[in-house]
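Peer 1: Mind having a look at this structure? Questions to follow.
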Amino acid sequence: MIVSVVAFALAYSAKAHSADNPVALMSGSSNHWYQVPSEDTVTFTTEYGDVVIALNPSLAPKHVERFKALIKSGFYDKQYFYRVVDGFVAQAGSNDTHDKEKIAPALLADIPAEFTRPLSHAASVVETRDMFAPKTGFLDGFAVGIDEERGEMWGLHCPGTVAFARNSEKDTASTEFYIVIGQAPRHLDRNMSVVGRVVSGMPALQKLPRGDAKYGGVIQEVTDSSKIGRALVHNDNHPSYYIQKPEHDEYLSRTNTGKTLDNPFFHDKVYAPRPIDICYYKTKATLTP
């Protein structure tokens with residue numbers, strides 16, 4: 001019974017502070033929030049609810065530009081999440097179902113890969129013992145890998161990460177995108193062009209129909225349950241989304257507990273302090289900081 005109560009309390013706390021159930025988070029300086037510009041916020045409507053994505057041009061400027069151009073053109077309207085792999089990704093776009101003669105060639109052209117970017121002075125290091133990168137942290141609340149010696153950073157494949165799909169050749173991304181819906185597939189880091197993260201709507205994505213594993217997760221007969229009703233880029237009339245920066249008091253407290261296990265719930269602390277997984281300790285997103 002006690003375990004159930006503790007589990008419920010932890011789950012309730014996580015839900016209460018999410019953008020899907022926006023309430024004010026623990027107090028912190030206004031400087032500890034990143035306000036996502038309206039023009040870098042997009043919504044995809046689905047049968048199960050809206051999916052709101054915050055984009056970060058600093059991670060992959062050409063891909064972000066293409067993504068917004070495709071949305072504004074109506075490219076994704078009435079299309080589908082046609083490949084959904086349980087515990088992995090939900091992929092969407094046209095899957096070669098568009099009449100390409102009716103689409104501007106510039107919107108279909110391959111985009112040079114943007115797997116890594118020059119390291120920004122605004123990137124903050126949180127963990128120095130990550131399994132897949134020299135260091136991990138955040139750029140304006142977006143999870144990034146950091147290599148100070150190379151002067152590089154790159155978007156991480158955490159749950160909710162949005163990136164462009166491609167063929168085996170690296171410069172072949174054009175229109176298709178995917179959203180990570182399961183355990184972080186970090187083996188894709190530095191090999192895909194990450195454009196942003198979901199700030200609201202993960203429950204809707206989790207309800208999407210799954211594809212059969214023998215077809216690589218591609219749904220053989222898509223229905224309205226997989227359909228994107230409409231995609232749109234926000235304007236100033238839409239409410240602003242905010243993402244925590246890792247300097248926020250609530251985030252510092254949460255990660256400190258994760259590292260030191262300094263909480264009455266934990267009894268075995270033999271391996272503390274221990275490294276934390278950035279993808280598990282993500283910064284929170286909200287409408288009401």
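For (1) in a helix (DSSP H, G or I); (2) in contact (Cβ under 8 Å) with a residue 60 or more places away in the chain; (3) surrounded by fewer than 19 Cβ atoms within 10 Å (Cβ to Cβ); (4) among the small types (Gly, Ala, Ser), each residue gets a yes or a no:
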{"residue": "TYR178", "(1), (2), (3), (4)": "no, yes, no, no"}
{"residue": "VAL195", "(1), (2), (3), (4)": "no, yes, no, no"}
{"residue": "ARG210", "(1), (2), (3), (4)": "no, yes, yes, no"}
{"residue": "LYS214", "(1), (2), (3), (4)": "yes, no, yes, no"}
{"residue": "GLN220", "(1), (2), (3), (4)": "no, no, yes, no"}
{"residue": "ARG230", "(1), (2), (3), (4)": "no, yes, yes, no"}
{"residue": "HIS238", "(1), (2), (3), (4)": "no, yes, yes, no"}
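Peer 1: Collect the residues in region 58-83 that are farther than 28 Å from ARG117 by Cα and not acidic (Asp, Glu), keeping them in residue-number order. Give the derivation first.
Peer 2: Of all residues in region 58-83, those farther than 28 Å from ARG117 by Cα come to 74, 77-83.
GLY74, LYS78, GLN79, TYR80, PHE81, TYR82, ARG83 - these are the residues of region 58-83 that are farther than 28 Å from ARG117 by Cα and not acidic (Asp, Glu).
Peer 1: Related question: Could you tell me how many of the residues in region 145-161 are open to solvent by 10 Å² or more (accessible area, probe 1.4 Å) and within 17 Å of ILE276 (Cβ to Cβ)?
Peer 2: Within region 145-161, residues that are open to solvent by 10 Å² or more (accessible area, probe 1.4 Å) and within 17 Å of ILE276 (Cβ to Cβ) number 1.
Peer 1: Quick one: in region 251-280, of everything that is touching a helix residue (DSSP H, G or I) at 6+ places or on another chain (Cβ under 9 Å), open to solvent by less than 40 Å² (accessible area, probe 1.4 Å) and not β-branched (Val, Ile, Thr), which residue is farthest from PRO159 (Cα to Cα)?
Peer 2: Checking each candidate, the answer is ALA272.
Peer 1: Collect the residues in region 241-250 that are open to solvent by 30 Å² or more (accessible area, probe 1.4 Å) and more than 16 Å from the chain's Cα centre (by Cα), keeping them in residue-number order. Before the answer, list the steps.
Peer 2: Our first condition is that a residue be open to solvent by 30 Å² or more (accessible area, probe 1.4 Å); within region 241-250, this holds for 242, 245, 247, 249.
Across region 241-250, the qualifying residues are GLU247, ASP249.
Peer 1: Moving to a separate point now. Considering only residues that are of a type in the set (Ser, Thr, Tyr) and either in contact with a Lys or Arg (Cβ under 9 Å, 6 or more places away or on another chain) or farther than 20 Å from HIS32 by Cβ (or both), look in region 102-135 and name the one that is surrounded by the fewest Cβ atoms within 10 Å (Cβ to Cβ).
Peer 2: We begin by selecting, within region 102-135, every residue of a type in the set (Ser, Thr, Tyr); these are 116, 120, 124, 128.
Checking which are either in contact with a Lys or Arg (Cβ under 9 Å, 6 or more places away or on another chain) or farther than 20 Å from HIS32 by Cβ (or both) leaves us with 116, 124, 128.
Details: THR116: 21, SER124: 17, THR128: 12.
The selected residue is THR128.
Peer 1: Open to solvent by 30 Å² or more (accessible area, probe 1.4 Å) and part of a strand (DSSP E or B): is that true of ARG190 in this structure? Step through it out loud before you land on a result.
Peer 2: Numbers: open to solvent by 30 Å² or more (accessible area, probe 1.4 Å): yes; part of a strand (DSSP E or B): no.
Criteria not met by ARG190.
Peer 1: I'd like to check something: does region 5-14 contain any residue that is open to solvent by 60 Å² or more (accessible area, probe 1.4 Å), out of contact with any helix residue (DSSP H, G or I) (no Cβ under 9 Å at 6 or more places or on another chain), at pLDDT 95 or above and in a helix (DSSP H, G or I)?
Peer 2: no
Peer 1: Residue check: is GLY93 under 18 Å from the mean Cα position of the chain (by Cα) and open to solvent by less than 70 Å² (accessible area, probe 1.4 Å)? Steps first, answer last, please.
Peer 2: Values: under 18 Å from the mean Cα position of the chain (by Cα): yes; open to solvent by less than 70 Å² (accessible area, probe 1.4 Å): yes.
Considered against the rule, which asks whether it is under 18 Å from the mean Cα position of the chain (by Cα) and open to solvent by less than 70 Å² (accessible area, probe 1.4 Å), GLY93 comes out as yes.
Peer 1: Which numbered condition trips up THR283, out of (1) open to solvent by 70 Å² or more (accessible area, probe 1.4 Å); (2) within 25 Å of THR43 (Cα to Cα)?
Peer 2: All conditions pass for THR283, except number (1).
Peer 1: Here's a follow-up. Select from region 92-142 the residues that are of a type in the set (Val, Ile, Thr), assigned to a strand (DSSP E or B) and without any contact (Cβ under 8 Å) to a residue 24 or more places away in the chain and list them in ascending order.
Peer 2: Of everything in region 92-142, just one residue is of a type in the set (Val, Ile, Thr), assigned to a strand (DSSP E or B) and without any contact (Cβ under 8 Å) to a residue 24 or more places away in the chain, namely VAL125.
The values are calculated or read from the model by the stated rules, or taken from the named source; none is laboratory data. Small disclaimer: the values here were computed from a predicted structure and weren't measured. Don't worry about glycine lacking a Cβ; one is built from the backbone with ideal geometry, like all the others, and counts go over all protein chains shown. With ligands, DNA and RNA removed, areas are computed over all heavy atoms of the protein, side chains included. Shrake-Rupley method; radii C 1.70, N 1.55, O 1.52, S 1.80 Å.
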